[in-house]
1. For the pairs K26/K140; K26/K441; K60/K423; K241/K268; K268/K293; K268/K305, note any where the Cα-Cα span goes beyond 22 Å.
2. Could you give the Stokes-Einstein D for segment 266-317 in µm² per second, using the C-alpha Kirkwood radius, 25 °C, 0.890 mPa s?
3. Go through segment 9-26 residue by residue and turn each phi into a ³J(HN,Hα) via Karplus (6.51, -1.76, 1.60, θ = phi - 60°); whole Hz please, and just put x for glycine and proline.
4. Report, in whole Å, the centroid distance computed from the Cα atoms of segment 245-278 and segment 29-50.
5. Computing the accessible area with a 1.4 Å probe over protein heavy atoms, can you report the carbon and sulfur percentage for segment 1-140?
6. Summing +1 for each Lys or Arg and -1 for each Asp or Glu, what net charge is found among the other residues whose Cβ lies under 11 Å from the Cβ of A440?
7. For segment 342-478, what does the alpha-carbon gyration tensor say about shape, rounded, prolate or oblate, given a ≥ b ≥ c as the root eigenvalues, a/c under 1.5 as rounded, and a/b over b/c as prolate?
8. Hey, how much of the P(r) for segment 290-390 falls beyond 21 Å, as a percent of Cα pairs?
Amino acid sequence: MSQILNILTFPLRQERLIEASAGTGKTYTITGLYLRLLLGHGDADSGFGGATPLPLPVDKILVVTFTEAATEELRGRILARIREARRAFEAGESSDPLLAELLRACDDRALATRLLLTAERQMDEAAIYTIHGFCQRMLKRNAFESGSLFDTEFVSDDGRLRFEAVADFWRQHCYGVSLSLARAIRRHWAEPAALLQDLAPHLATPDLLCLGATPLVTPGGEPESWQQYHEAILQRIEAFKAQWRQAASDLEPLIAGSGVDKRSYSSKNLPNWLAQVGAWAQEPAEDYQLCDKLERFSQTTLVAKTTKGAPPEHPLFVAVDELLAQTLDIRARVLVEALSEVRERIQQAKQRQQLLAFDDLLSGLAQALEGATGELLAERIRELYPVAMIDEFQDTDPQQYRIFSRLYVGQASCGLYLIGDPKQAIYGFRGADIFTYIQAKAQVAAHYTLETNFRSTQALVDGVNGLFAQSSAPFVYDQAIPFEPVLARGKPDGFTLRGEPVPPLPWWPPTATSRWRRVLIGNGWRPPVRRKFISGSPMTRRGWGMRRCSRGISPSWCVPAARRRRCGGRCASWASAASTSPIATPCSPVRRRRICGGCWRLVWRRATRSRCAASWPRPCWVGVPRNWRPSIRTSCAGRPWSSSSATVPGSGRSKVCCPWVAAS
């Protein structure tokens, strides 16, 4: 169970997990904890260093993030916070609640001022790095313990080495294959660059295990070759084709006389499907292609399609299931061997040329920590950085977490603060793995959360809380990644459009099709359907974006079936002359009629002419975007009509005259 984080009482030793949603003050918390470490704030329980907390210099506090831009921003925010705190200690007062509490808890303000001034001057030496920058420094600084070379050259792009390794693999394995195997390989990769594109995401994961498609051992003790694997697949397909040809004559009466659904297996479809599979079975097996209608005759499909009576049964139907369940392709086999060999070729080339790339920094430090001198290397790093803060921890991959887990987990005299938003871990940014986060959360006993959002309005926070409260497990892994509702202390005013407040989180029911949403939202409209605003507003017909009628006409009488279509020249363009009063035009006695406005067509559903013209002599106004101001135009039927530039009372939107609602 997570507890609410209080910066002033947060324990600064051992490993801590801080879960911070967007806008809840994550950077503010990082800078606050940084100040406490600089000042040696806290007691025996919450301070760092034992019974008498000791201040730490900036080069002893490790802060790790994942991009250069984030590193520079965090460095600037920490420096600004140190400068603000130093001025507060010099003045003896501060309006900031955190700084005011630090002032009250400080016994020696002169010493605290000197510590902050020293930290401000030494900020260029602060240990605020990216994950790759941290690994590079540790490998260079501890070359003996890590086993790295002194004169290694760092390269930011190893694409040339990767392509050369894949090209060598391609020449060695693909040039001497048979024609049928070459065709099978070419179906997936026409050239080495295509193979490299499939291998690239996995080359940086040295401990990746490939399950299945591993080469078998022949009776001679040698691994099964690609050609043997390819021929084995073709033999399985050819054996099934022979079995189909032998039993083909029995299948149609067997299926027709069973209880299978005759709407699917009709007298028209069944012979056609059997003929297609039969034609495929007559051809020699030269590739891995199966007939697309073969699944229709699997035992599993036939049982599922049988609603009444007994399903058809035949050994051939079971053989279809077995054939479809097999991996009848060489792709997985090629990828398994290519991944292993290409990775080894790349490492050999880097060792020959004494090169290191970004991925080598992580794997090099991880392997060094797990090697024979790993414990000595870990002690050296902990002496350099007794405290580590990992920002954006949800973006950590398994290898990165192994490094920090090996260094700090279980070390009572050190501090490790893992800070991030677990809800973002599901998106896999920068190679992140959601299961790595779940594993880290299970290993760390102390969990904290930030409960107040300082960025959004009350309505938006309530809307998000209400949305995710509809599910007991909104992120599937409800025990590891639950949804924690937050409070709001952000902007007092929300977003407004043309003077009207906009609901921050509208909910579109399934009746509003995706095409409606895409067209209307992009043009400032909202579909004329009932909407429920999750931010607390009840379901309403007169919410923002709904049409308004001057006589209170029910929206069911004016429903624009929004379709964005090209007029095709059938409608006259807007005239330049303006009109200040609507012109009533007669209404034809039809239920549906289109009015074109540029490339818009709005279809208004009306009941009859009597209801339209006789019942309501006043025009019906419909809200449209203010920037759409027609003047005088010609309707589809050739009758002129116009619109007023006035606005509907209380709406802020222009009025367009509906020509069916006319004065008699």
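1. Numbers: K26/K140 32 Å; K26/K441 18 Å; K60/K423 31 Å; K241/K268 24 Å; K268/K293 14 Å; K268/K305 17 Å.
The answer is K26/K140; K60/K423; K241/K268.
2. Values: Rh = 12.3 Å.
Rounded, D is 199 µm²/s.
3. Taking θ as phi minus 60°, the curve returns 10, 5, x, 8, 10, 6, 8, 9, 10, 10, 9, 10, 6, 4, x, 9, x, 5 Hz for segment 9-26.
4. If we compute the Cα centre of each part, the gap is 77 Å.
5. Working: 3050 of 6290 Å².
Looking at segment 1-140 in its full context, I get 48 percent from C and S.
6. On the way: positive: R402, K441; negative: E15, D433.
Taking every other residue near A440 into account, the sum is 0.
7. Working: a/c = 2.75, a/b = 1.77, b/c = 1.55.
Prolate shape, in that a/c is at least 1.5 and a/b is the bigger ratio.
8. On the way: 3320 of 5050 pairs.
The calculated P(r) of segment 290-390 puts 66 percent of pairs beyond 21 Å.
The values are calculated or read from the model by the stated rules, or taken from the named source; none is laboratory data. Computed from a prediction, not measured in an experiment: that's the story for all the values here. Using ideal geometry, Cβ is built from the backbone for each residue, glycine included, and neighbour counts are taken over all protein chains shown. Heavy atoms of the whole protein, side chains included, go into the accessibility calculation; ligands, DNA and RNA do not. Shrake-Rupley method; radii C 1.70, N 1.55, O 1.52, S 1.80 Å.
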